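Bear in mind that the values in this text are calculations on the coordinates, not laboratory data. Because the structure is predicted, anything quoted here is derived from the model rather than measured. Virtual Cβ from ideal backbone geometry, glycine too; neighbours counted across all protein chains shown.
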Amino acid sequence: MNPDLAFENIVVVGLGLIGGSILQTLKSQSYTGNTYGIDSNASAISKAKELSLIVNKDQNIETDLENVLVIFSVPTLSITKAIDDLNLSTEDILYTDTCSVKSSVLEDINSRESKFLNKFIASHPIAGSEKSGLVASTSTLFDNRLTIVCPHEKNEEDDIKKIEAFWNNLGSVTKRLPAKNHDELFAKTSHLPHVISYALMDSIFKDLSNETFLYSGGSLESYTRIASSDPLMWKDIMIANEKSIVESIENFKESLDALLEMIKKKDSHELINFFTDIKKSRDELLSDDKN
């Protein structure tokens, strides 16, 4: 990986798991430019400074930086305020984000002046953990992980390629998707699994309380790991991608209801067929991914 990226200065807005891991990776690569961090939590900035991840010691950073990349790594519904609060006077700048919902982000930037709109290339690194905060950040979070880039019609190809190169340098593989496709896809593959995990924990805990994990043998802990994810982040995702998530939940309920009927009828034949078909599909898909 080339530490000499196309940017002389990188500003990370939001020093949580993703923002912190961006800075950790740049540090591990001996990035030769300057890195800055902004966060609503002053202690996060102090900690990042202590770890030599950033050069600023508080919210105040130079406003006339040249050749800048700004990365908004904040909860989805916080991006409007994060953009409004950013105080940079330079025009030599590109913007991107790490939000899990893209349509709502693009709706926000579409209402802004063209010089900002044209220079904002939306992106979403598919990397994370149920752990959150700067303390959970790591320099290997993006290794061989996919990052979705969602350009819009006002973006220039050279700028898009710079954002893709940035993620590639962090160890990520990039793929382009329209924002609408992104949100519909991740409602099914990421947002719905979190819905199910939270709902499953709610259901089991209501029944078993403190004995929830006592007899699980470890499988329940693994299955519900993502129910320990950051509540603020997931509240924002549910609201910002409401339409696609509701549709995904309704489709899931259809499958669950169908399985429920098979169980009620004690229909051995249908149960075997159902489980066999799903197992075959899953195994073949994962086998194809590895080939």
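Couple of notes before you dig in:
- Rounded to 0.05, the FRET efficiency of the D202 and K266 pair, given R0 = 30 Å and the Cβ-Cβ distance, is 0.60.
- Fully extended contour minus Cα-Cα distance, from E113 to D158, at 0.36 nm per residue: 14.2 nm
- Label corresponding to mean projected area of the Cα convex hull in nm² when calculated from the structure given, among (1) 15.7; (2) 17.7; (3) 24.0: (2)
- Listed residue pairs exceeding 32 Å between alpha carbons, taken from K81/K206; K206/K253; K81/K243: K81/K206
- Within segment 9-177, DSSP assigns beta bridges of which about 15% are antiparallel (rounded to the nearest 5).
- The calculated FRET efficiency for the pair S281 and K253, based on their C-beta separation and a Förster distance of 22 Å, comes to about 0.65.
- Simple label model, 7 Å out from Cα along Cβ direction - E91 to Q59, nm: 2.8 nm
- Taking GluC sites (Glu not before Pro) across segment 69-137, the ones in a DSSP loop with at most 10 further Cβ atoms lying within 10 angstrom of their Cβ are E91, E113.
- Note that segment 248-261 has calculated 3J(HN,Hα) couplings of 5, 5, 5, 5, 5, 4, 4, 5, 5, 5, 5, 5, 4, 5 Hz, one per residue in order, obtained from phi through the Karplus relation 6.51 cos²θ - 1.76 cosθ + 1.60 (θ = phi - 60°); glycine and proline are x.
- Considering only the chain, percent of DSSP beta bridges that pair antiparallel, nearest 5: 15 percent
- Backbone amide hydrogens, once placed in the peptide plane, bring K102 within less than 5 Å of D183, excluding anything fewer than 5 places away on its chain.
- The 3J(HN,Hα) values that the Karplus relation (6.51, -1.76, 1.60; θ = phi - 60°) gives for segment 223-228 are, in residue order, 5, 9, 3, 6, 6, 9 Hz. Gly and Pro appear as x.
- Within segment 120-173, trypsin sites (Lys or Arg not before Pro) in DSSP loop having at most 15 other beta-carbon neighbours inside 10 Å: K131, K154
- Taking chymotrypsin sites (Phe, Trp or Tyr not before Pro) across segment 195-291, the ones in a DSSP loop with at most 11 further Cβ atoms lying within 10 angstrom of their Cβ are Y215.
- Relative contact order for the chain, counting Cα pairs under 8 Å that sit 6 or more residues apart, in percent: 17 percent
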